[in-house]
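Participant: First the structure, which I've put down as structure tokens, then a few questions once you've had a look.
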Amino acid sequence: MIPEIEKASTATIKAYQEAELKKLLQYLNTHSSYYKRLFKSENINLNSINTLEDLVQIPTTTKEDLQRYNDDFICVPRHDIIDYVTTSGTLGEPVTFALTDNDLKRLAHNEAISFACAGVKKADVIQLMTTIDRRFMAGLAYFLGARELGAGIIRVGNGIPELQWDSIKKFKPTYIIAVPSFLLKLIEYAEQHNIDLNNSGVKGAICIGESLREQDFSLNILSKKIKDKWDIDLFSTYASTEMNTAFTECEAQQGGHHHPELIIIEILDENNAPVAAGEPGELTISTLGVEGMPLLRFKTGDIVTAHTEACSCGRNTTRLGPVIGRKKQMIKYKGTTLYPPAMHNILNDFNAIDSYVIEISHNNIGTDEILLKIATNNATEEFLQKIKDHFRAKLRVLPKIEFCDKKELQKLQFPKMSRKPVLVIDRRE
């Protein structure tokens with residue numbers, strides 16, 4: 001199930017996207033209060049925007065713009081809105097997105113071709129280990145995508161390893177959708193209850209919310225720990241509510257594939273100019289085919305690297321490498337630039353760490369401080385020293401570390417209204 005445009009030449013893909021860009025600009029100029037105002041205030045001549053390179057003539061859109069002018073981005077009358085979703089609000093106030101019936105069909109198509117990218121077929125059964133309620137777009141997308149593909153789906157929701165294993169035994173799913181660290185909880189439960197992991201019928205996991213790979217696409221510590229116990233294929237998928245689109249790995253597992261019929265991507269530097277090929281930058285997107293709230297040159301806040309060499313799966317599309325970090329969560333610590341994923345990788349190396357939270361703050365001279373709050377049954381000086389040595393070896397800097405009560409840490413990880421665990425708390429102004 002590979003759309004023809006994804007197998008086309010790069011020149012054909014570019015020409016297709018440029019034609020779709022013209023349609024997007026006209027649609028926004030007709031229906032979007034926000035973009036109509038932007039085009040006018042910036043004296044932008046839409047007739048001069050003919051190529052993807054011409055996009056730099058248009059200012060970028062930020063999360064702050066979405067928060068401040070949320071309703072001005074809606075392009076349809078209220079009676080055409082079928083579904084309301086909100087962003088997770090990880091780095092600020094949640095934003096509401098309005099979806100039309102056609103947007104839901106587009107969402108289903110996106111997820112169906114993303115599932116197919118990871119090898120899921122009509123005969124497969126998928127167990128959904130994320131929420132589908134609480135205005136969460138991803139859970140809805142997975143359900144709609146499975147329907148479009150024709151695969152079965154079991155809506156278990158998040159957490160509760162006992163219920164997950166009960167469903168696996170009863171319904172025999174072949175794929176599961178889960179946060180990678182939760183797979184470790186499933187493994188732990190299986191080992192405690194004599195469940196044969198590798199005879200469960202599950203052959204693959206589509207993983208969200210946490211990275212599986214290093215920048216060279218080798219397995220990171222978290223995915224190695226999973227694979228050491230459970231011999232299943234692990235597929236990364238990267239998406240956001242704002243994009244209405246997912247980037248999912250194929251069987252080659254060399255980055256998440258771009259769907260050029262659904263989204264235009266740019267990788268930009270600090271000055272909003274395209275980075276050189278192979279260089280990391282901020283993913284900036286323009287959505288294609290969205291009716292309710294299309295976006296133009298929206299800066300996602302995620303730092304990624306694009307890969308353009310041919311893929312063995314037959315798709316001729318750009319692939320995104322693992323997210324290096326969120327731009328707003330960049331930390332300048334003792335002369336070193338860090339992103340939280342680097343610390344996740346180190347902490348995940350310790351089986352004795354039950355859970356953790358990374359707190360970022362400013363000290364009294366205005367520079368960044370890092371405090372790692374860790375829950376463990378081995379709160380000894382010896383274990384603390386092992387963690388410190390590992391940080392010095394891997395990152396060459398040592399954050400402050402304190403052991404915490406597991407229940408207290410869970411309160412930090414799961415604040416009210418949260419749909420997923422919070423592992424980073426940024427207290428900087």
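The values are calculated or read from the model by the stated rules, or taken from the named source; none is laboratory data. Quick caveat: nothing in here was measured; it's all calculated off a predicted structure. Positions of Cβ are generated from backbone atoms using ideal geometry, with glycine treated the same way; all protein chains shown enter the neighbour counts. We work out accessible area using only protein heavy atoms, side chains counted, and drop any ligands, DNA or RNA first. Shrake-Rupley method; radii C 1.70, N 1.55, O 1.52, S 1.80 Å.
Participant: Out of all the residues in the stretch 128-139, is one or more hydrophobic (A, V, I, L, M, F, W, C), farther than 20 Å from residue 183 by Cα and modelled with pLDDT under 95?
Facilitator: Yes.
Participant: If you don't mind, another one. Answer with yes or no whether residue 77 is more than 20 Å from residue 206 (Cα to Cα), touching a Lys or Arg at 6+ places or on another chain (Cβ under 8 Å) and surrounded by fewer than 16 Cβ atoms within 10 Å (Cβ to Cβ).
Facilitator: Considered against the rule, which asks whether it is more than 20 Å from residue 206 (Cα to Cα), touching a Lys or Arg at 6+ places or on another chain (Cβ under 8 Å) and surrounded by fewer than 16 Cβ atoms within 10 Å (Cβ to Cβ), residue 77 comes out as no.
Participant: Follow-up question, since we're still on this one. Find the residue count for the stretch 124-139, including only residues that are in contact with a strand residue (DSSP E or B) (Cβ under 9 Å, 6 or more places away or on another chain) and in a loop (DSSP other than H, G, I, E, B).
Facilitator: 7
Participant: State all residues of the stretch 31-51 that are closer than 15 Å to residue 293 by Cβ and hydroxyl-bearing (Ser, Thr, Tyr); if no residue qualifies, say none.
Facilitator: 32, 33, 34, 35
Participant: Next up: Please work out which residue is surrounded by the fewest Cβ atoms within 10 Å (Cβ to Cβ), limiting yourself to the stretch 255-270 and to residues that are over 16 Å from the mean Cα position of the chain (by Cα) and of a type outside the set (Val, Ile, Thr).
Facilitator: Looking at the filtered set, the residue picked out is 270.
Participant: Name the helices (runs of 4 or more DSSP H) wholly within the stretch 1-111 that hold at least 2 residues that are of a type in the set (Ser, Thr, Tyr)?
Facilitator: Helices (runs of 4 or more DSSP H) meeting the threshold: 10-31, 33-41.
Participant: Inspect the stretch 186-201 for any residue being under 22 Å from the mean Cα position of the chain (by Cα) and open to solvent by 30 Å² or more (accessible area, probe 1.4 Å) and give the result as yes or no.
Facilitator: no
Participant: Here is a further query. Return the total of residues in the stretch 32-52 being within 24 Å of residue 77 (Cβ to Cβ), open to solvent by less than 80 Å² (accessible area, probe 1.4 Å) and without any contact (Cβ under 8 Å) to a residue 60 or more places away in the chain. Quick ask: steps written out before the conclusion?
Facilitator: Initial filter on the stretch 32-52 (within 24 Å of residue 77 (Cβ to Cβ)): 32-40, 46.
So of that shortlist, the ones also open to solvent by less than 80 Å² (accessible area, probe 1.4 Å) come out as 32-35, 38-39, 46.
Filter once more, so that each one left must be without any contact (Cβ under 8 Å) to a residue 60 or more places away in the chain: 33-34, 38-39, 46.
Count: 5.
Participant: Does any residue of the stretch 102-114 turn out to be within 18 Å of residue 241 (Cα to Cα), surrounded by fewer than 18 Cβ atoms within 10 Å (Cβ to Cβ), charged (D, E, K, R) and modelled with pLDDT of 95 or more?
Facilitator: yes
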